[in-house]
Structures are given as C-alpha cells and as structure tokens.
Amino acid sequence: QAQLVESGGGLVQPGGSLRLSCAASGLVFDTYLMAWYRQAPGKQRELVAQITSGGDTNYLSTVKGRFTISRDNAKNTVYLQMNSLKPEDTALYYCHAQQVFNAYWGQGTQVTVSS
C-alpha cells in the first residue's frame, strides 16, 4: 500500500522560511510525478509546485521565485523549500504522487504564517 507522509510544517513569521518533506513508501518513487498542493480555509485546493521524475519543475505564479521543489529519488522523498513566506501562504499543504493510472495523497501538514 502506497503511503505519503509529510513533515516540516509549523508556525513562522512573515518573511521566514520552512522546508516541507514528503517521504514516500510502497511505490516506485522515481516513476511518479510529485507535487505539492495547498488548501486554505474556505478555498479550493491548488497546485503549488510539481516535479517530474527527470527534475522538470512547474510553479504556481504567486510562489515562483520564493518556493523550490526538489526530489531525492534515492531517499524516496520530495521537498518544498519555502522562503519569504507571506500570511497568504497559510494553508494545509499536501503531497501528491501521480502516474497515469495511480494517484496518492498525503495527510497534509499545516503551515501558518503569522506575526
């Protein structure tokens, strides 16, 4: 059974940084497109960043230049480095793994940006 476990969320002041991690198990990690989504209260879930098995990346326009997604295929882990955090980045952040016929979600990790 595939499993994604996120960690690294927390409370941070505006302008601060956090690094999220997502450890995958039970799947052939390097064959999956990996992504981070987020969902703020009362809003739809949105794609924040994604990375292909080959390392190509794509970002939500509002986080481009502040967030960096990366993956370590040897450790079955995907990361999201978040810098210059803003209050509007506050959300529950989810890890997502996708192939053509399979997709998995993590349980989410809360990120709160507040002074």
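Enumerate the whole-percent occupancy of each 10 Å bin, from 0 to the last occupied one, for all C-alpha pair distances of the chain.
Here the calculated profile for the chain is 15, 50, 29, 6, 0.
Ala49: net charge of surrounding residues, Cβ under 14 Å, Lys/Arg +1, Asp/Glu -1, itself excluded?
Combined, the nearby Lys, Arg, Asp and Glu give +2.
Per-residue HN-Hα couplings for segment 41-55, Karplus 6.51 cos²θ - 1.76 cosθ + 1.60 at θ = phi - 60°, whole Hz, x for Gly and Pro?
Residue by residue, segment 41-55 yields x, x, 10, 6, 5, 10, 6, 9, 7, 9, 9, 7, 5, x, x Hz.
Identify, among Ser21, Phe101, Pro41, the residue whose Cα sits farthest towards the positive end of the charge dipole of the chain, taking +1 on the Cβ of Lys and Arg and -1 on the Cβ of Asp and Glu, with the dipole about the Cα centre.
The residue sitting farthest along the positive end of the dipole is Pro41.
Take Arg66, Arg19, Arg45 and sort them by solvent-accessible surface of the protein heavy atoms, 1.4 Å probe, largest at the top.
Arg19, Arg45, Arg66
Suppose every K and R has +1 on its Cβ and every D and E has -1 on its Cβ; what is the size of the dipole of the chain about the Cα centre, in Debye to the nearest 20?
Magnitude of the dipole: close to 180 debye.
Determine the shape class of segment 1-62: with a ≥ b ≥ c the square roots of the Cα gyration tensor eigenvalues, call it rounded for a/c under 1.5, and otherwise prolate if a/b is greater than b/c, oblate otherwise.
prolate
Over segment 74-114, what is the relative contact order in percent, taking alpha-carbon pairs closer than 8 angstrom and at least six residues apart?
Worked out over segment 74-114, it gives 41 percent.
With a 1.4 Å probe and all protein chains kept in place, how much accessible area does Thr112 have, in Å² rounded to the nearest 10?
Number for this one is 50 Å².
Looking at the chain, send over the antiparallel percent of its DSSP beta bridges, to the nearest 5.
If we restrict to bridges inside the chain, about 90 percent are antiparallel.
So for segment 1-64, averaging the separation of alpha carbon pairs under 8 Å that are six or more residues apart and normalising by length, what relative contact order in percent results?
23 percent
Can you pull out the chymotrypsin sites (Phe, Trp or Tyr not before Pro) in segment 46-113 that DSSP calls coil and that have at most 14 other Cβ atoms within 10 Å?
Loop-located and lightly packed - Phe101.
Could you tell me the relative contact order of the chain? Use alpha-carbon pairs under 8 Å, at least six residues apart, and round to a whole percent.
Relative contact order, the chain: 36 percent.
What does the accessible area per residue of the chain come to in Å², with a 1.4 Å probe and no ligands, DNA or RNA counted?
53 Å²
The values are calculated or read from the model by the stated rules, or taken from the named source; none is laboratory data. Worth saying up front: this structure is predicted, and the values here are computed from it rather than measured. Cβ atoms come from the backbone with ideal geometry, glycine included; neighbour counts cover every protein chain shown. Please note that ligands, DNA and RNA were not included when accessible areas were found on the heavy atoms of the full protein model with its side chains. Shrake-Rupley method; radii C 1.70, N 1.55, O 1.52, S 1.80 Å.
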